[in-house]
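Just below is one structure, and these are the notes that go with it.
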Amino acid sequence: MFRQASWNEQVIFNLGRKGRRGHLLSEVEEEVKQAVGDAEALIPKNMRRKSAPDLPELSEVEVIRHFIRLSEMNYGVDSGFYPLGSCTMKYNPKINEFLTHSPKLEMLHPYQDETTVQGILEALYKLERWLAELTGMHEVCLQPAAGAHGEFLGTILMRDYFKASGEQARRTEIIVPDSAHGTNPASAAMAGFNVVVVPSDDSGCVNLGALKAAVSERTAGLMLTNPNTLGVFENNIDEIARIIHDAGGLLYYDGANLNPLLCKARPGDMGFDIVHINVHKTFSTPHGGGGPGAGPVGVSDKLAKFLPVPRIVFDGKMYRLDYERPHSIGKIRGFYGNVAVLLRAYAYILSLGVEGLTEVAEVSVLNANYLMRKLEKVKGLTLPYDGDQPRKHECVFSAKPLKSETGVAAVDIAKRLLDYGVHAPTMYFPLIVEEALMIEPTETAEKEEIDRFVDSLRMVCEEARSNPKIVTGAPHNTAVTRLDEVKASHPKTMALSWKMHQKKRQERESG
Amino acid sequence: MTSKRHPYIPNSVDSAKKEMMKAIGINNIQELYTDIPANCQLKKRLELPEHPLSEMKLKRHIETLLSRNKTCEEMPTFLGAGCWPHYVPAAVQEIVQRSELLTAYTPYQPEISQGMLQALFEYQSMICELTGMDAANCSVYDWASALGEAARMASRIKGKPEILVPCIIHPERLATLKVYAEPAGITVKQVTYDSKSGQVDLKDLEAKISEKTAAVYIENPSYLGFIETQVEEISDNAHKHNALFIVGIDPTTLGILKPPGEYGADIVVGEAQPLGNAMSFGGSMLGIFACRDDMSFLRQMPGRIIGLTTTKNGEQQGFCMALQTREQHIRREKATSNICTNEALCAVAAAVYLALLGPEGLRDLGAACMAKANYAMRLLSKVHRVQTPVFNSTHVKEFTVNFDESGLTVKDVNAKLLQRGIHGGKDVSKEFPELGQTALYCVTEIHSKADIERLAEALDGTLGW
């Protein structure tokens, strides 16, 4: 059975010894020192730092060992199967890591003269064109740092679009399905819209009757994930697009689930006006334990003029950064985007081509449906919504029968799966499925791995009957056993920094 | 015929596909796509490279492409303005390339993600030590979006609709702030500066601050590189008007500059890219977001926050995400922000970097940048027809250089410098027309005395007669 390292590693503030150094800077040249004198003495007295920050003092050896030990208490795609639904945890090719650590990228400053950065500008320009082509959109902006950042930009574009058309005061609502990712309503609200939720129908798709009832002259748009969070393709997409467009609204595509559609179908052809892409999902860039990612946004022709500045343009000879865009919304961040992430996506597309990307999509769907059909046979789990319908890249099971039978919940199954050396599926999402387990194998899982996963899940369900405590007490083989997440957020015990922890401990000790 | 097999797609091998299709009861994969309406199925050939590239060809292609770039290593480059060149120790690179960290998702299952969680907790803790604040989140996208989030947080806390920011501010940061602020009904007003010193004009601040002010924002060092010294007055004035005081910082200066927590800051934002992260053409960046320990603040903070806890049996210390009830996956449209994916791995780099430097190293870093930048100012001010700095305030690692007397534009000067293999400072003449032909120069520990002298000689050769 799987065993994760469990180092009991101290918080770094408890390590080291006064005076130790992990890195020495080059000495400032003697002539510089003589000419300037004590640099700190130049600082006005009221602005000088009086006491040094309480940072740990360690040698390079200790720093490396500390963080290597931490890394050994972490699980990534390279460690094993990571079927986290809606997150598309596919393999991250090593060559792309190697290439982005080139000094020819790392040592570029964003404000360098355009003549000195033609190579990277060409890569970004082409990546924009390729993403536009893959999504069927007119133009793509690479700047958003994450999917949610792309959503923020997308909803701001809606705002400015209606501002320009004189309808802003009226178009105050964005519609989202009840199966939507939480970011959709959060992004809509951030951009100042009211959120209207429409229910799903029996097949797990948008309920058309409810959608028709929800649209009005107040509708700014609909945010839709397709395939949706159940992994089901919204096959009424034509009708949905018609309903939204007839009402004068815009159709927004949440690209979290784009993977199964690569070179098979395009949001632009389905009538979407705005698309965001999670390159850290579909285009294989590593998620970094929470980021950095990149969330490029594609738009139809009528929205292109509102995109953030600068736009990368090519005059046949030179790539340039164009800031002269009078209708632009402005900026949603500094500079041009998470370029190091974007270059990996550029490399990924090249490494596959249309031929390989088609294979990516098809095998991601084959894997998900194979997994689903095998898992259907496991007692205790059910497949809600139309079971005859194929899924796309992921499937969602409910552990409700197992819970009724044994008391073991989805969270317990998830924790016990960790003991089997696989990452847990996404749990309790989408919200429309009780005791949900959302499973996305991606195209980079091999058949043998999927079989092992299904076996593991079957064994967990059996354990729930034969030895429920081993499941409800899981995990047992990870760096730590089940954590008290309530304590982490309780005002009395909450410690969001070492400083806060020490303060609260003192308070407790003194009574 | 054997179908195309790809190294990243294990089941692209025919035999695996066949077995799986048989298990599902289909004859070809296309049957799994029949639910997509025919008019939505792609029929045209996409304008993309058709065939896969071998790894060797891919490497050659990208390296050839990148070879057309000219880097800061190949020419002394004096650019900063929010993305700064600093040395990245090899030990930092080693850690962030550990694939257990690199290839993990957000730590939704904390028991199997303790490494990332603890590293991020340590990052948050070190940012608190640097800034003098109590709590920090584990990153936002960058400084500009951090400021946007801070303005919205201040407006929520105070229930007021205005933020005051200095006129000397990075234009991209200001533009971002406005995009974040406008939908929340927040108006951004700018406070003028003293034309000699660049310092915030306290009279103008007094004139603009009101009962509508949710927050007053300053930067230290300022966008144009000098230290804002009237921090106590500005902080007092903000608090007197029941407004928050937000301070933007460059963390590399906090080994020598007073931390904002000591002069009344309620929220600190900034850019931690220079802590162990390469510039990479401006991304990835690493937005700092920290605040005071006050539940009314913490509940309004955007982003992921890692907290210390114990196992349920109480036997072991551990880490997990805290205060998730603020976040989009639970609160949906009532969330404090929509941010989820952030810059976590860059935050780990910053934690490793700060651990390597320690308190003394951070002070050495700040002092080295300041000594070299001030040395550069002295040398450049001796160049005929060059005036530096424009403001008579103390500069840390960036400073303004004015070329008005030369009759040349910054653009002209930079073109001439580039011919000599040097990259000059950022042209700010359009951003601040009142400062004439002025550039913003940046000097850090990576610039040698020889680099600086080469710059002075090149400028002398260009403008000196």
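Each reported figure results from applying straightforward, stated rules to the coordinates on display, with no laboratory input. Quick caveat, the model's predicted, so the values are computed rather than measured. Positions of Cβ are backbone-derived with ideal geometry, glycine not excepted, and every protein chain shown enters the neighbour counts.
Table for the structure above
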quantity: Charged-residue dipole, Cβ positions (Lys, Arg, Asp, Glu), chain B about Cα centre, Debye nearest 20; calculated: 1400 debye
quantity: Only Lys, Arg (+1) and Asp, Glu (-1) charged, at Cβ; the range B:350-433 dipole about Cα centre in debye; calculated: 220 debye
quantity: Label point at B:ASN27 placed 7 Å out along Cα→Cβ; residues across the range A:372-412 whose backbone nitrogen lies under 19 Å; calculated: A:390
quantity: Furthest towards positive pole of dipole, B:TYR353, B:THR77, B:THR34, structure part chain B, Cβ charges; calculated: B:THR34
quantity: Rounded to 5, percent antiparallel among DSSP beta bridges of the range A:199-322; calculated: 45 percent
quantity: Coordinate range along principal axes, alpha carbons of chain A, Å, largest first; calculated: 79, 66, 50
quantity: Of the DSSP H helices in chain A, those whose Cα atoms cover at least 24 Å axially and whose Kyte score averages 0.0 or more; calculated: A:118-135, A:147-164, A:339-375
quantity: Shielding by partners - mean other protein chain Cβ count within 10 Å, residues of A:119-127; calculated: 4
quantity: Distance-filtered residues of the range B:417-442 - backbone nitrogen under 19 Å, label point 7 angstrom along A:ALA35 Cα→Cβ; calculated: B:422-425, B:440-442
quantity: Linear extension gain, A:LYS492 paired with A:VAL197, 0.36 nm per residue minus alpha-carbon span; calculated: 102.6 nm
quantity: Given B:LYS189/B:LYS411; A:LYS331/B:LYS334; A:LYS18/A:LYS487, the pairs whose alpha carbons are separated by over 27 Å; calculated: B:LYS189/B:LYS411; A:LYS18/A:LYS487
quantity: Kirkwood hydrodynamic radius over Cα pairs of the range A:12-72, then Stokes diffusion coefficient at 25 °C and 0.890 mPa s, in µm²/s; calculated: 168 µm²/s
quantity: Protection proxy ranking of B:58-64, A:105-111 - average other beta-carbon atoms within 10 Å, highest first; calculated: A:105-111, B:58-64
quantity: Kirkwood Rh and Cα Rg combined as Rg/Rh, chain B; calculated: 1.04
quantity: Calculated [θ] (222 nm, deg cm²/dmol) that DSSP helices of n ≥ 4 give over chain B, each run adding -39,500 (n - 2.57); calculated: -11000 deg cm²/dmol
quantity: Cα-centred dipole magnitude for the protein assembly as shown, charges only on beta-carbon of K, R (+1) and D, E (-1), debye, nearest 20; calculated: 620 debye
quantity: With eigenvalues of the C-alpha gyration tensor scaled by 5 and rooted, the range B:1-41, Å; calculated: 22, 14, 8
quantity: Above-threshold pairs, the threshold being 19 Å between Cα atoms, out of A:LYS392/B:LYS4; B:LYS212/B:LYS258; B:LYS208/B:LYS430; A:LYS45/B:LYS258; A:LYS281/A:LYS415; A:LYS45/B:LYS203; calculated: A:LYS392/B:LYS4; B:LYS212/B:LYS258; B:LYS208/B:LYS430; A:LYS281/A:LYS415; A:LYS45/B:LYS203
quantity: 222 nm mean residue ellipticity, helices alone, for chain A (DSSP H n ≥ 4; -39,500 (n - 2.57); rounded to 500); calculated: -11500 deg cm²/dmol
quantity: Whole-Å semi-axes of the ellipsoid equivalent to the protein assembly as shown (Cα gyration tensor, √5λ, descending); calculated: 45, 31, 28
quantity: Listed residue (B:VAL383, B:ILE234, B:VAL92) projecting farthest to the positive dipole end of chain B, Cβ model; calculated: B:VAL92
quantity: Dipole of the protein assembly as shown, positive end: most advanced residue of B:SER280, B:LEU455, A:PHE283 [Cβ charges, Cα centre]; calculated: A:PHE283
quantity: P(r), alpha carbons of the range B:90-353 - 10 Å bins starting at zero, rounded %; calculated: 7, 31, 35, 19, 6, 1, 0
quantity: Length released on extending from B:ARG68 to B:GLN419, taking residue separation times 0.36 nm less the Cα-Cα span; calculated: 124.7 nm
quantity: For chain A: relative contact order, % (alpha-carbon pairs under 8 angstrom, 6 or more apart); calculated: 18 percent
quantity: Separation in nanometres of the label points that stand 7 Å from Cα toward Cβ, at B:THR192 and A:THR172; calculated: 3.8 nm
quantity: Peptide B:52-62 - average C-beta neighbours from other chains (10 Å radius); calculated: 5
quantity: For the range B:15-45 versus the range A:6-50, the gap between their alpha-carbon centres in whole angstrom; calculated: 61 Å
quantity: FRET E, pair A:LEU321, B:ARG60, Förster distance 30 Å, beta-carbon r, rounded to 0.05; calculated: 0.65
quantity: For the range A:111-350, share of DSSP beta bridges that run antiparallel, in % to the nearest 5; calculated: 40 percent
quantity: Order by protection proxy (mean Cβ within 10 Å, highest first), peptides B:436-442, A:39-45; calculated: B:436-442, A:39-45
quantity: Burial order of peptide ranges A:82-95, A:310-323 (average beta-carbon count within 10 Å, highest first); calculated: A:82-95, A:310-323
quantity: Within 10 Å of each Cβ in B:315-326, the average number of Cβ atoms from other chains; calculated: 5
quantity: At least 27 Å along the helix axis (C-alpha) and Kyte average at least 0.5, DSSP helices within chain B; calculated: B:344-381
